[in-house]
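J.: One structure coming up, written as structure tokens, with questions to follow.
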């Protein structure tokens, strides 16, 4: 989070606020090609269940009603593809990501799954989205908000691009609440995940940052407060897997 001295955190390091985006970009340039495989390995496949819960909450229309989804920081397209497959014929998803390598992977996957007519990919910054006011019926962001340098700006811009009556959904790692699981989770996160990252992508440091960024993310109540401060109503969150993940939601009324 931004501090009065103009610094923020990059994992457990303090860095100038203006440097964080470039550092995050380097992480995802490095891991883009193996990003989805690493998600399976790190979560034991549970990320698929968590994302399915998100799509169920999104509940895209299955009839002919038009529906425009904005999926931010969704470079490889995973959330948008799931939503497109669950939706009716007039569904359109826009994936907006700041990282060109992640977007390239997403475009390739869209073509392979014959979804390139329903899912488009646009480079853009979550803090200043390249879209007009009230363009979208829903906004999703999965495991991406913690990498944004100025989260309050991203939340305010999420509110701006949504139509009245639209929904904001954020799937993000959270704080383990189950006794005993917290110690196991820390051991796995700090000792095993960087080693998996090294073996699969040749990059342990990027995965060390990703683990540290989870620990630095606000607690669920605090993040829910930030969503309310951005203007959203009926804000809530649902804890999953003993607190490993939380699904946050709010409405643009």
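The numbers here are math on the coordinates, done by the rules we state, and not lab data. Remember, it's a predicted structure, so these values are computed and weren't measured experimentally. Note that we place each Cβ from the backbone using ideal geometry, even for glycine, and neighbour counts take in every protein chain shown.
J.: Over the range 22-152, what is the mean sequence separation of C-alpha contacts under 8 Å (at least six apart), divided by residue count, expressed as relative contact order in percent?
T.: Values: 203 pairs, mean separation 35.3, N = 131.
Answer for the range 22-152 is 27 percent.
J.: Work out the FRET efficiency for residue 199 and residue 46 from their Cβ-Cβ distance, taking R0 = 25 Å, and round it to the nearest 0.05. Show your work: numbers first, answer last.
T.: Working: r = 20 Å, r/R0 = 0.80.
After rounding, the FRET efficiency stands at 0.80.
J.: Quick check: the angle from helix 100-112's long axis to the longest principal axis of the chain, C-alpha only, nearest 10 degrees?
T.: 50
J.: With labels modelled as points extended 7 Å from the Cα through the Cβ direction, what inter-label distance (nm, one decimal) is found for residue 122 paired with residue 182?
T.: My value for the distance between the label points is 4.2 nm.
J.: Does anyone have the angle between helix 151-161 and the longest principal axis of the chain? Alpha-carbon axes, 0 to 90°, nearest 10?
T.: So the inclination is approximately 10 degrees.
J.: Also, I was wondering about something else. Against the longest alpha carbon principal axis of the chain, how many degrees, from 0 to 90 and to the nearest 10, is the axis of helix 204-216 turned?
T.: 70
J.: Pairwise over distinct Cα atoms, reciprocal of the mean inverse distance: report the Kirkwood radius of the range 40-185 in Å, one decimal place.
T.: Hydrodynamic radius (Kirkwood, Cα only) of the range 40-185 equals 15.8 Å.
J.: For the range 103-244, calculate the relative contact order in percent as a whole number, restricting contacts to Cα pairs under 8 Å that are 6 or more residues apart.
T.: Working: 144 pairs, mean separation 32.3, N = 142.
With pairs under 8 Å counted, the relative contact order is 23 percent.
J.: Mean separation of Cα pairs under 8 Å and 6+ residues apart, divided by the residue count of the chain: what relative contact order is that in percent?
T.: Values: 473 pairs, mean separation 49.0, N = 253.
Relative contact order of the chain: 19 percent.
J.: Please sort 63-72, 174-183 by packing, taking for each peptide the average over its residues of neighbouring beta carbons within 10 angstrom, highest first. The partial results should precede the final answer.
T.: Numbers: 63-72: 19.0, 174-183: 14.1.
Taking the mean over residues of other Cβ atoms within 10 Å, the ranking is 63-72, 174-183.
J.: Now a separate question. Taking springs between alpha-carbon atoms closer than 10 angstrom, which of 44, 225, 106 fluctuates most in the Gaussian network model of the chain?
T.: 44
J.: In nm, to one decimal, how far is the modelled label at residue 86 from the one at residue 135, with both set 7 Å along Cα→Cβ?
T.: 2.4
J.: Which shape class, rounded, prolate or oblate, goes with the chain when its Cα gyration tensor gives a ≥ b ≥ c as root eigenvalues, a/c under 1.5 marks rounded, and past that a/b bigger than b/c marks prolate?
T.: Details: a/c = 1.41, a/b = 1.26, b/c = 1.12.
Note, shape of the chain comes out rounded.
J.: Same structure, new question: Helix-derived [θ] at 222 nm for the chain: sum -39500 (n - 2.57) over DSSP H runs of at least 4, divide by residue count, nearest 500? Before the final figure, lay out each step's value.
T.: Numbers: 10 runs with 109 residues, N = 253.
Calculated mean residue ellipticity at 222 nm is -13000 deg cm²/dmol.
J.: Turning to a different aspect of this structure: Which percent, to the nearest 5, of DSSP beta bridges fully inside the chain are antiparallel? Please list the in-between numbers first.
T.: Details: 19 of 40 bridges.
Around 50 percent of the beta bridges assigned by DSSP in the chain are antiparallel ones.
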